[in-house]
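The values are calculated or read from the model by the stated rules, or taken from the named source; none is laboratory data. Small disclaimer: the values here were computed from a predicted structure and weren't measured. Quick reminder, even Gly has a Cβ in these numbers, built from the backbone with ideal geometry, and neighbours come from all protein chains shown. For the accessible areas, the whole protein counts, side chains as well, though only heavy atoms, and no ligand, DNA or RNA atoms are used. Shrake-Rupley method; radii C 1.70, N 1.55, O 1.52, S 1.80 Å.
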Amino acid sequence: MSASQNALRQAGSEPVAQEPVSRQEPATRQEPASRYDYIRDGSAIYARSFAMIRAEADLARWTGAAERVVVRMIHACGMTDLPADVEMSDDFAEAGVAALQAGAPILCDVRMVADGVTRARLPAGNPVICTLGDPRVPDLARDLGTTRSAAAMELWRAHLPGSVVAVGNAPTALFRLLELLDAGVAPPAAVIGIPVGFVGAAESKDALARDGRVPFVVVHGRRGGSAMTAAAVNALASEAE
């Protein structure tokens, strides 16, 4: 008899056999029937959305990748009257698609644009760069006497040639891009210039459209924003809807 068994016997107890633990699968939760009738399949939602856009919006000016860009921009903002304000250079879509397929970086003025780029759509694992959060930017902005968004573009200089630029928030960033070109920095392959706002937004987009040195797309006026800008990048990146 083992010492432990002897101790138990002396205490007036015998060892108790352990019952095997029962492992039961958790019961499936029964959800109450929904009171709402809506489409739950993501692919079906996309397909119906794009069909509605093409039925409602005037897209006659564009075909192929250019049309895809405008459709996705409308999808991002929900406004089928957007095409009236869209201006796109004839070479923009082809230049943007070719640049991304060749591995060009995507330079974004704000994190909202960068985060909206769907990495799985990028054809060459393209780097998506936003320098706004770089710790050097506040000092650069103070030294240059400009906004942080514009100052952050000083850190784009090495990446800018042949890139795809996506400006969706800061008009000052779009103006600064044109100033960098004036200073002799090699141009990007294509520019999505869709900053939103009341001060400088319309003017910066007009300036880009008149400049003529780079392929571009803009939404004239105050409308724009990060969602539309990222949507344009995603349209260039892949034919898939």
Residue in segment 101-116 that is farther than 25 Å from Gly212 by Cα and crowded, with 20+ Cβ neighbours inside 10 Å present: yes
Any chance Thr80 is modelled with pLDDT of 95 or more and either over 24 Å from Ala230 (Cβ atoms) or surrounded by 10 or more Cβ atoms within 10 Å (Cβ to Cβ) (or both): yes
Whichever residue in segment 52-73 is part of a helix (DSSP H, G or I) and open to solvent by less than 20 Å² (accessible area, probe 1.4 Å) and, among such residues, is nearest to Val233 (Cα to Cα): Val69
Given (1) within 16 Å of Pro215 (Cα to Cα); (2) touching a Ser or Thr at 6+ places or on another chain (Cβ under 8 Å), index of the condition Leu177 fails: (2)
Options Ala120, Ala158, Ala124, Ala141; residue that is part of a helix (DSSP H, G or I), among the hydrophobic types (A, V, I, L, M, F, W, C) and open to solvent by 40 Å² or more (accessible area, probe 1.4 Å): Ala120
Check on Pro135, open to solvent by 30 Å² or more (accessible area, probe 1.4 Å), in a loop (DSSP other than H, G, I, E, B) and touching a Gly at 6+ places or on another chain (Cβ under 9 Å): no
Test: residue in segment 177-189 that is within 21 Å of Glu239 (Cα to Cα), out of contact with any strand residue (DSSP E or B) (no Cβ under 8 Å at 6 or more places or on another chain) and modelled with pLDDT of 95 or more: no
Residue selected from segment 167-224 under the condition closer than 22 Å to Ala93 by Cβ and of a type in the set (Lys, Arg), by the criterion least open to solvent (accessible area, probe 1.4 Å): Lys205
Any hit, segment 168-185, residues being among the charged types (D, E, K, R) and part of a loop (DSSP other than H, G, I, E, B): no
